[in-house]
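The values are calculated or read from the model by the stated rules, or taken from the named source; none is laboratory data. Quantities reported herein were computed from a predicted structural model and do not represent experimental measurements. FYI the Cβ positions are ideal-geometry reconstructions off the backbone, even for glycines, and counts take in every protein chain you see.
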Amino acid sequence: MAELTLDQYFELAWKQYTETTPCAANIHSLLIKNGENVINDHVAFRTFDHEKIGLNQFIKFFAKWGYEVRGEYTFEEKKLSAIHLENKNDSSLPKIFVSQLKNHLFSNELQQLINKVISQESKSFDDLILKDQKSWKVSYEEYEMANHESEYAAWVLAHGIRPNHFTVYVNELTKYNNLNDLNQFLKNNGFTLNNSGGEIKGSVDVLLEQSSTMADKIKVQFCDGEKEVSSCYYEFAKRYSDSKGNIFQGFVTKSADKIFESTYEK
Ligand code: NI
């Protein structure tokens, strides 16, 4: 496969994402129909701490387009670590946010399941992220076992290496350039927002406000049959300037912690 340009990659990633997240495609069209220009703030991924698919693989994958690590985060309760990448050549390009499960902090049973599944994976990281997402086999029983300990682990097992969410950069909207108005508009149009910790996470004080829809549900083929599980959600971010007048480009752990819950089963 010829090397993709970054634009081509984002187009592909959007296609992978909207296949499992129809609400994002619907909201995107609705905003366009209302005259808005939709700019992406960031694309987020979830993975496991494993050499085959861990954070280092993402860093290597995005480095060829000029991305570099600009932030590191820890989520104590959910037992995750995360990084965010920015493009050194063009700061207007979407940021990349990648989190990974700290597998070693979970039960032996879950660690063994993750190791079993990832060691079966014969595809290269590039093939996974660009084409297949996963070729590993997991049963619904194993999914549920993982879900009992970590909803995040279950999500990665079921969906593989694919974008978890895209994020509308609310600053660039004209009619709906604040989260109160945008959230109201989305609710008026029948979309359900994640209310964990309030609809709007963060504040002007932390220079970032975020909201998100609740995740869609899709059918996933497990090795013991097809089941409907949570897929992905669409996110909205409004950023504010610091005392030096620079728009904050990082992430706020406390807010992201609640956003992660957008894939929780209702
Ligand atoms: Ni996000």
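Quick one: which residue in 222, 248 is among the aromatic types (Phe, Trp, Tyr), touching a helix residue (DSSP H, G or I) at 6+ places or on another chain (Cβ under 6 Å) and surrounded by fewer than 20 Cβ atoms within 10 Å (Cβ to Cβ)?
Residue meeting the stated conditions: 222.
Considering segment 93-121 alone, what residues qualify as being at pLDDT 95 or above and either within 16 Å of the ligand (Cβ to nearest atom) or of a type in the set (Gly, Ala, Ser) (or both)?
93, 94, 95, 96, 97, 98, 99, 100, 107
How many residues, within segment 122-159, are touching a Gly at 6+ places or on another chain (Cβ under 8 Å) and under 22 Å from residue 264 (Cα atoms)?
3
Tell me, please, whether a residue that is within 16 Å of the ligand (Cβ to nearest atom), crowded, with 22+ Cβ neighbours inside 10 Å and not hydrophobic (A, V, I, L, M, F, W, C) can be found in segment 147-154.
yes
Here are the criteria: (1) in a strand (DSSP E or B); (2) crowded, with 20+ Cβ neighbours inside 10 Å. Tell me which single one residue 110 does not satisfy.
(1)
Based on this model, can you work out whether residue 161 counts as out of contact with any Pro (no Cβ under 8 Å at 6 or more places or on another chain) and either small (Gly, Ala, Ser) or farther than 30 Å from residue 48 by Cβ (or both)?
no
Against the conditions (1) at pLDDT 95 or above; (2) surrounded by 19 or more Cβ atoms within 10 Å (Cβ to Cβ), where does residue 52 fall short? Just the number, please.
Here residue 52 meets the rest and fails (2).
Regarding residue 65, is this residue more than 14 Å from the ligand (Cβ to nearest atom), aromatic (Phe, Trp, Tyr) and touching a helix residue (DSSP H, G or I) at 6+ places or on another chain (Cβ under 6 Å)?
yes
Take the residues of segment 175-212 that are small (Gly, Ala, Ser) and over 20 Å from the mean Cα position of the chain (by Cα): which is surrounded by the fewest Cβ atoms within 10 Å (Cβ to Cβ)?
Looking at the filtered set, the residue picked out is 190.
Quickly run through segment 1-33 and pick out the residues that are assigned to a loop (DSSP other than H, G, I, E, B) and surrounded by fewer than 13 Cβ atoms within 10 Å (Cβ to Cβ).
1, 2, 3, 5
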